[in-house]
Amino acid sequence: MSPKDAFYNTVHGAPGGHAALAIRLGMSAAVLRNKANVHSVTNKPTLDDVDNIIGLTGDASVLYALAGNHGYVCTKIAGADAAAVATPLAMVTRIATRSADAVAVVSDALADGRLDARELVAIKEHAYEAIQALQDMVVGLEQKARAQLEVMHG
């Protein structure tokens with residue numbers, strides 16, 4: 001999906017639609033609708049618009065589309081609370097489970113010797129979930145290490 005299409009979908013898929021989102025952004029519904037129109041030549045979304053809309057909707061598909069266009073992958077890092085309460089064993093188990101799920105999806109997709117767009121989307125989603133589990137583990141272990149250092153050094 002292109003970043004422009006992702007922006008359009010985010011704006012029009014927001015709870016209450018683009019008009020409700022426009023109110024929360026402090027702009028007119030017409031301006032936001034035009035910014036989301038991929039064919040508009042007058043109103044273009046700014047980086048601040050994208051940032052504010054991600055913050056308000058929780059939909060980071062524009063960010064994922066931009067990253068994908070340039071060969072990068074974005075993964076959301078778990079909040080400090082979620083990573084802090086997970087035990088190292090739970091983190092490793094989650095990594096193993098997510099990785100196994102990703103491998104199973106790849107295996108199923110390639111079983112017939114062909115790969116279609118729907119299967120590729122499923123592979124990407126499962127691979128990103130496995131990557132997310134790895135990143136969550138790193139964040140959690142960093143937090144645990146910092147906490148141990150604080151205890152040791154008072």
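The values are calculated or read from the model by the stated rules, or taken from the named source; none is laboratory data. Treat the numbers as computed from the prediction; the structure is a model and nothing was measured. Virtual Cβ from ideal backbone geometry, glycine too; neighbours counted across all protein chains shown. Surface accessibility is based on the protein's heavy atoms, side chains included, excluding ligands, DNA and RNA. Shrake-Rupley method; radii C 1.70, N 1.55, O 1.52, S 1.80 Å.
Using a probe of 1.4 angstrom and keeping all protein chains present, the accessible surface of the chain works out to 65 square angstrom per residue.
If R0 is 30 Å, the Cβ-Cβ spacing of Thr42 and His70 corresponds to a FRET efficiency of close to 0.65.
Mean-square fluctuations from a GNM of the chain, with a 10 angstrom spring cutoff on Cα atoms, peak among Leu120, Leu32, Leu66 at Leu120.
Compute the acute angle (0 to 90°) between the alpha-carbon long axis of helix 117-153 and the principal axis of greatest extent of the alpha-carbon atoms of the chain; round to the nearest 10°. Taking Cα atoms only, the helix is inclined about 60 degrees.
Heavy atoms only, probe 1.4 Å: what % of the accessible area of the chain goes to carbon and sulfur, would you let me know? Please report the intermediate quantities before stating the final value.
Working: 6090 of 9940 Å².
Carbon and sulfur together cover 61 percent of it.
A quarter of the convex hull surface defined by the alpha-carbon atoms of segment 88-141 gives 3.4 nm² as the mean projection.
Evaluate 2.2 N^0.38 Å with N set to the residue count of segment 1-129, then give the Cα radius of gyration divided by it.
Ratio of Rg to 2.2 N^0.38 Å for segment 1-129: 1.32.
Straightening the chain between Thr57 and Asp5 buys 17.1 nm, computed as 0.36 nm per residue apart minus the Cα-Cα spacing.
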